[in-house]
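Undergrad: Could you have a look at this structure, given as structure tokens, before my questions?
The values are calculated or read from the model by the stated rules, or taken from the named source; none is laboratory data. Everything numeric in this text was worked out from a predicted model, so none of it was measured. Note that we place each Cβ from the backbone using ideal geometry, even for glycine, and neighbour counts take in every protein chain shown. Calculation scope for accessible area: heavy atoms of the full protein, side chains included, ligands and nucleic acids excluded. Shrake-Rupley method; radii C 1.70, N 1.55, O 1.52, S 1.80 Å.
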Amino acid sequence: MYRLIRRILFFLKPENAHHFALACLHFVCSIPGVKSLLRRIYHRRNQTPRTLLGQTFLNPIGLAAGFDKNGEHIDVLSCLGFGFIEIGSATARPASGNPQPRLFRLKNDRALINRMGLNNQGALAISQRLSKVDRRCPIFVNIAKSHDSTIIDDLAIDDYCESVKLLVDVADVLVINVSCPNSGDGRTFEDPDALGQLLPEIRRVIGDKPVPYLVKVSPDLSQTQLESVVTLALENGAAGFTATNTTINRDGLNTPANQLDLIGAGGLSGRPLHHRALKTVENLRRLTDLPIIAVGGISEVEHAQAFVDAGASLVQLYSGFIYEGPALIRRIAHQLRL
Ligand SMILES: Cc1cc2nc3c(=O)[nH]c(=O)nc-3n(C[C@H](O)[C@H](O)[C@H](O)COP(=O)(O)O)c2cc1C
């Protein structure tokens, strides 16, 4: 069934397909009884709930950040079998993102390249929306620095903190995105000096609120860089890690080089990312016992299993959801051995 839907969607430009698919899902879900039918189809019953990060997860498969940037679709997406949903990245300032086109399919690689540029309605609007959302699963809220190359140094830290202040009361878990490759100034926040200033401030703003925060890392860090991120995160009370964001590496793709040149800059996600993300999870697990949320290239049950075997507590997907549809979530939920 999803193959047919995907054929239709893939006739459209990727970003249009995204909005069209969500509009259709909202329409279908507005028909009385459909939401509970979808839940019966896609939510595996009789599974043992897991408690982690102060939350109860009916299954360990989540929707990764970037799919529902503004938290507008939580209600309908939660019918499709996800055990948790991460919204965002939210930024302190609303942003329209980079000019289109900014999202590309690499069909031969079952991958995507994006340079969305952190388009979102801003932390305030998202916070107001989230305060009214009916929660059927834990909601992770991903926070990034506003997409503006003039916001640097102390201003950048204030910018993150403003979002944390606005969102801490509506998030079950906060995810601090320090690894966005489309950040506007071309920098990520994983540099030890920057991260060493940012994380204490994040911790201070969260204060004694019972909301854990995770640090989302890039798959492109060297071992030394990863070690310094982990050290700083541990020193500053992070509750765990999300690994990984998209990669800027494009080695070994089936997509021809001239097509990649035409696409231009952007982060690569999907199947070709899996190996790098798995290596990052393995390296992280050697460095810490804290929970790791693994994400990157899950398009089969085996990919999710490899993450869990490497020590991940939960997994997430985005590109695999585009290529395989919600049946992938159900398959993983049925077959994953924890
Ligand atoms: C179109 C698109 C937009 C994304 N936007 C964000 C974002 O705003 N914040 C973030 O932390 N990650 C973002 N991501 C990265 C995903 O959350 C995820 O880390 C990455 O895509 C790897 O997972 P996947 O291979 O299952 O897609 C985005 C990914 C895609 C494809």
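Undergrad: Beta carbons within 10 angstrom, averaged per residue: use that to sort the peptides 140-147, 260-267, highest first.
TA: 140-147, 260-267
Undergrad: If you don't mind, there's one more thing I want to ask. Quick one: which of 205-218, 235-248 comes out on top by average Cβ neighbours within 10 Å, and what's the full order, highest first? Working shown, then result.
TA: On the way: 205-218: 19.1, 235-248: 22.7.
So the order, starting with the most tightly packed, is 235-248, 205-218.
Undergrad: Rounded to the nearest 5, what is the percent of antiparallel bridges among the DSSP beta bridges in the chain?
TA: Roughly 30 percent of the DSSP beta bridges within the chain come out antiparallel.
Undergrad: Can you pull the percent of the stretch 2-335's accessible area that's carbon plus sulfur, 1.4 Å probe, other chains left in place?
TA: On the stretch 2-335, the fraction of accessible area on carbon and sulfur atoms equals 52 percent.
Undergrad: Starting from the Cα of K279, draw a straight line to each of the lysines and keep only those under 29 Å, dropping any in the same chain fewer than 8 residues away.
TA: The reachable lysines, counting only those whose Cα sits under 29 Å from K279, are K69, K107, K145, K216.
Undergrad: While we're looking at this one, here's another question. Under a point-charge model restricted to the Cβ atoms of Lys and Arg (+1) and Asp and Glu (-1), what is the dipole moment magnitude of the chain relative to its Cα centre, in debye to the nearest 20? List each step's numbers first, then the result.
TA: On the way: 37 positive and 32 negative charges, 361 e Å.
In total the dipole reaches around 1740 debye.
Undergrad: Further question on the same structure: Please report the net charge: other residues with Cβ closer than 11 Å to the Cβ of I157, K and R +1, D and E -1.
TA: Numbers: positive: K145, R204; negative: D153, D154, D158, D159, E162, E201.
Net charge around I157: -4.
Undergrad: For the chain, with every protein chain kept in place, what is the accessible area per residue (1.4 Å probe, Å²)?
TA: Numbers: 14700 Å² over 338 residues.
Per residue, the chain has an accessible area of 44 Å².
Undergrad: Going by average Cβ density within 10 Å per residue, which order do the peptides 301-309, 128-136 take, highest to lowest?
TA: My ranking of the peptides, most packed first, is 301-309, 128-136.
Undergrad: Provide the percentage of antiparallel DSSP beta bridges, counting only those with both residues in the stretch 22-132; round to the nearest 5.
TA: Close to 80 percent.
Undergrad: Which whole-number percentage describes the relative contact order of the stretch 2-335, with Cα contacts under 8 Å and a sequence gap of 6 or more?
TA: 17 percent
Undergrad: Cα gyration tensor of the stretch 92-182, axes a ≥ b ≥ c as square roots of the eigenvalues: rounded (a/c below 1.5), prolate (a/b > b/c) or oblate? Before the final figure, lay out the partial values.
TA: Values: a/c = 2.04, a/b = 1.25, b/c = 1.63.
Cα axes put the stretch 92-182 in the oblate bin.
Undergrad: Let me ask something else about it. Given axes a ≥ b ≥ c from the Cα gyration tensor, I'd like to know whether the stretch 194-263 is rounded (a/c under 1.5), prolate (a/b larger than b/c) or oblate.
TA: prolate
Undergrad: While we're here: According to the square roots a ≥ b ≥ c of the eigenvalues of the Cα gyration tensor, what is the shape class of the stretch 2-335, taking rounded for a/c under 1.5, prolate for a/b larger than b/c otherwise, and oblate for the remainder?
TA: rounded
Undergrad: Count the net charge of all other residues whose Cβ sits under 15 Å from the Cβ of S96, scoring Lys and Arg as +1 and Asp and Glu as -1.
TA: +2
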